[in-house]
Amino acid sequence: MNKIVLKASSDETGLRADKFISDNSDISRSLAANLMESGNCTVNGSACGKSYRLKEGDLIEISLPDNKEPEILAEKIPLDIVFEDKDLLVVNKPKGMVVHPAPGHYSGTLVNALMYYCRGSLSGINGVVRPGIVHRIDKDTSGLLMVAKSDTAHLGLSRQIKGHMFTREYQTVVTGSVKEDGTVNAPIGRHKTDRKKMCVTTENSREAITHYSVIRNYSGYTYLNVRLETGRTHQIRVHMSYIGHPVAGDEVYGSGKPKWLCGQCLHAKKIGFVHPGTGKYMEFDSELPEYFTKFLKSIE
């Protein structure tokens, strides 16, 4: 049984309990209501209904039943392996491939392919659904990511990410004209009304820093190199939208899909880290994929 504890602030006084839970977690409002009605959610230690109106300082404790993890099958899917040794590998993920299984995507993912390729030699820290996965990139983002083969390698790489010692450079095309290089330093958290989205917010957020430099300006677009100092979910997409230059083709944080694009024009081009086994710094660079170069030609 997993437990979540939330505390109501003065700004949340008067909110319905089910809405408060939905706004401050990944739990849907309907599931929150069901949990309260079944006695799996309490306020200040006592059961209450979904329509309970919160008071400042109320403590909400949610008990979530353990989920039975689905069986994840190994699948023979081609992989573009950039580097591999006994500790880890670096993969060049194509646009359109989901990194790990999730509702609606239990096959055809990078994890399904890795399970077949690695034959069980993957770190188990993230459980059976995400074996070997140290960090992620979005389904419609292409490019490089690391995969850990052992728990020791996984822990070593994770420490570098947490300590901002991990090189991650992307290239992207954004809408509008970006005149000069810059940095976005704005915290990112879950969107209050759309739980599938992230946003710049000071509530329940984490530090997020994105550095960008102009490669070339086009009519209506700008080609950028982007370096992540932190690695939050959808960070580049959220930050670029926040400064008024959403990533081209981003239908979640942008304004539509230009010709030649299916999903955002965003590529994880460079990755660098200290090898957890040898202690040596390693850096890898990948060529721009066809969808990216084709779009650049279309806007020239």
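The values are calculated or read from the model by the stated rules, or taken from the named source; none is laboratory data. Everything numeric here is computed off the predicted structure, so don't read it as measured data. Cβ atoms come from the backbone with ideal geometry, glycine included; neighbour counts cover every protein chain shown. Ligands, DNA and RNA are excluded from the accessible area calculation, which covers all protein heavy atoms including side chains. Shrake-Rupley method; radii C 1.70, N 1.55, O 1.52, S 1.80 Å.
Here are a few things to note about the model shown:
Table: residues versus (1) touching a residue at least 12 places away in the same chain (Cβ under 8 Å); (2) over 30 Å from Gly163 (Cα atoms); (3) under 21 Å from the mean Cα position of the chain (by Cα).
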position	(1), (2), (3)
Glu203	yes, no, yes
Gln235	yes, no, yes
Val238	yes, no, yes
Ile243	yes, no, yes
Glu251	yes, yes, yes
Gln264	yes, no, yes
Gly279	no, no, no
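- Among the residues listed as Leu73, Leu79, Leu89, the single one being assigned to a loop (DSSP other than H, G, I, E, B), at pLDDT 95 or above and aliphatic (A, V, I, L, M): Leu79
- Filter result for Lys95 (under 23 Å from the mean Cα position of the chain (by Cα), under 30 Å from Cys118 (Cβ atoms) and either outside any strand (DSSP E or B) or of a type in the set (Val, Ile, Thr) (or both)): yes
- Among the residues of segment 39-70, the ones that are polar (S, T, N, Q), open to solvent by 70 Å² or more (accessible area, probe 1.4 Å) and modelled with pLDDT of 85 or more come to 1 in all.
- Selection of segment 171-185 for residues being under 25 Å from the mean Cα position of the chain (by Cα), within 17 Å of Gly254 (Cβ to Cβ) and among the hydroxyl-bearing types (Ser, Thr, Tyr) yields Thr172, Thr175.
- For Ser286, the stated conditions do not hold, so it cannot be described as surrounded by 15 or more Cβ atoms within 10 Å (Cβ to Cβ), free of Cβ contacts under 8 Å to residues at least 24 places away in the same chain and not charged (D, E, K, R).
- Count - residues of segment 232-269 that are more than 14 Å from Phe295 (Cα to Cα), touching a strand residue (DSSP E or B) at 6+ places or on another chain (Cβ under 8 Å) and buried (at least 18 other Cβ atoms within 10 Å of the Cβ): 15
- Count - residues of segment 134-170 that are more than 26 Å from Gly263 (Cα to Cα), of a type in the set (Val, Ile, Thr) and under 17 Å from the mean Cα position of the chain (by Cα): 1
- Scanning segment 9-38 for residues that are more than 24 Å from Arg206 (Cα to Cα) and open to solvent by 70 Å² or more (accessible area, probe 1.4 Å) yields Ser30, Leu31, Asn34, Glu37, Ser38.
- Residues that are open to solvent by 40 Å² or more (accessible area, probe 1.4 Å), on the phi < 0 side of the Ramachandran plot and either out of contact with any strand residue (DSSP E or B) (no Cβ under 7 Å at 6 or more places or on another chain) or small (Gly, Ala, Ser) (or both), drawn from segment 270-279: Pro276, Gly277, Thr278
- Checking the stated criteria, Arg227 turns out to be in a strand (DSSP E or B), open to solvent by 70 Å² or more (accessible area, probe 1.4 Å) and in contact (Cβ under 8 Å) with a residue 40 or more places away in the chain.
- Only strands (runs of 3 or more DSSP E) whose full extent lies in segment 100-219 are considered here, and the ones with at least 1 residues that are hydroxyl-bearing (Ser, Thr, Tyr) and surrounded by 15 or more Cβ atoms within 10 Å (Cβ to Cβ) are 142-148, 167-175, 209-218.
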